[in-house]
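Everything below concerns the one structure shown next.
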Amino acid sequence: MLKGIPPILSPELLKVLCEMGHTDELTIGDGNFPGHSFGTEVIRMDGHGVPEILDAILQVFPLDTYPDANGVMVPPCTLMAVEPGDDAKTPIWDTYKEIVAKHDERGDACFEEINKWDFYDKTRAKSRVVIMTGETAIYANIILRKGVVVNK
């Protein structure tokens, strides 16, 4: 056990977070997310919901603040948008925004939404790890892009 590390972060997950570099991404999937289909490392956290995992990760994981190669600022948190014609509600996104605002002064500006198929493609192409949860809320998936640790 270590001081100052949220106990929900397992040694396996801490190792992955530590190995990740600037602009590496991770996906936190809800209970319906097909995490094992992406050919990337999967860490199972079935007894936990996305909000508590997100909060714990953001205690040790900076979100990206740099523009992309074209100089465009791209939000470091990506949500899976509700599919057209689906009347699903996503109150969990408000919870995510509150959690992110605790750890990053940009708050809501940290978020973008992309359609389900683009979200899957982004996970496949960019995520170093998929964290599978027991989250029962739908459209509760989120991708985080790692920033730079700056010692002040």
Where a residue in the range 108-134 is under 21 Å from residue 17 (Cβ atoms) and its partner, wherever it lies, is open to solvent by 10 Å² or more (accessible area, probe 1.4 Å) and among the hydroxyl-bearing types (Ser, Thr, Tyr), with Cβ under 8 Å and at least six apart: 123/40; 124/40; 127/40; 128/40; 129/40; 130/40
Yes/no for residue 52 being modelled with pLDDT of 95 or more and touching a Lys or Arg at 6+ places or on another chain (Cβ under 6 Å): no
Selection status of residue 78, at pLDDT 95 or above, under 18 Å from residue 118 (Cβ atoms), open to solvent by 20 Å² or more (accessible area, probe 1.4 Å) and among the hydroxyl-bearing types (Ser, Thr, Tyr): no
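Per-residue answers, yes or no, for (1) surrounded by fewer than 17 Cβ atoms within 10 Å (Cβ to Cβ); (2) at pLDDT below 95; (3) over 24 Å from residue 35 (Cβ atoms):
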| residue | (1), (2), (3) |
| --- | --- |
| 56 | no, no, no |
| 59 | yes, no, no |
| 63 | no, no, no |
| 66 | yes, yes, yes |
| 69 | yes, yes, yes |
| 82 | no, no, no |
| 87 | yes, yes, yes |
| 96 | no, no, no |
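State the number of residues belonging to the range 9-27 that are assigned to a helix (DSSP H, G or I) and out of contact with any strand residue (DSSP E or B) (no Cβ under 9 Å at 6 or more places or on another chain).
Residues of the range 9-27 assigned to a helix (DSSP H, G or I): 11-19.
Those left that are additionally out of contact with any strand residue (DSSP E or B) (no Cβ under 9 Å at 6 or more places or on another chain): 11, 14-15, 18.
Qualifying residue count for the region: 4.
Just one of 76, 67, 62 is out of contact with any His (no Cβ under 7 Å at 6 or more places or on another chain) and free of Cβ contacts under 8 Å to residues at least 12 places away in the same chain; which is it?
Details: 76 fails: free of Cβ contacts under 8 Å to residues at least 12 places away in the same chain; 62 fails: free of Cβ contacts under 8 Å to residues at least 12 places away in the same chain.
Exactly one of 76, 67, 62 is out of contact with any His (no Cβ under 7 Å at 6 or more places or on another chain) and free of Cβ contacts under 8 Å to residues at least 12 places away in the same chain, namely 67.
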Which numbered condition residue 102 fails, given (1) closer than 19 Å to residue 138 by Cβ; (2) of a type in the set (Lys, Arg); (3) assigned to a helix (DSSP H, G or I): (1)
Neighbours by Cβ (under 6 Å, 6+ apart or cross-chain): first from the range 28-48, within 16 Å of residue 137 (Cα to Cα) and part of a loop (DSSP other than H, G, I, E, B); second open to solvent by 40 Å² or more (accessible area, probe 1.4 Å) and at pLDDT 95 or above: 31/136
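The values are calculated or read from the model by the stated rules, or taken from the named source; none is laboratory data. Because the structure is a prediction, the values reported are computed rather than measured. Quick reminder, even Gly has a Cβ in these numbers, built from the backbone with ideal geometry, and neighbours come from all protein chains shown. Ligands, DNA and RNA are stripped out before the accessible areas are found, and what is left, the full protein with its side chains, is counted by its heavy atoms. Shrake-Rupley method; radii C 1.70, N 1.55, O 1.52, S 1.80 Å.
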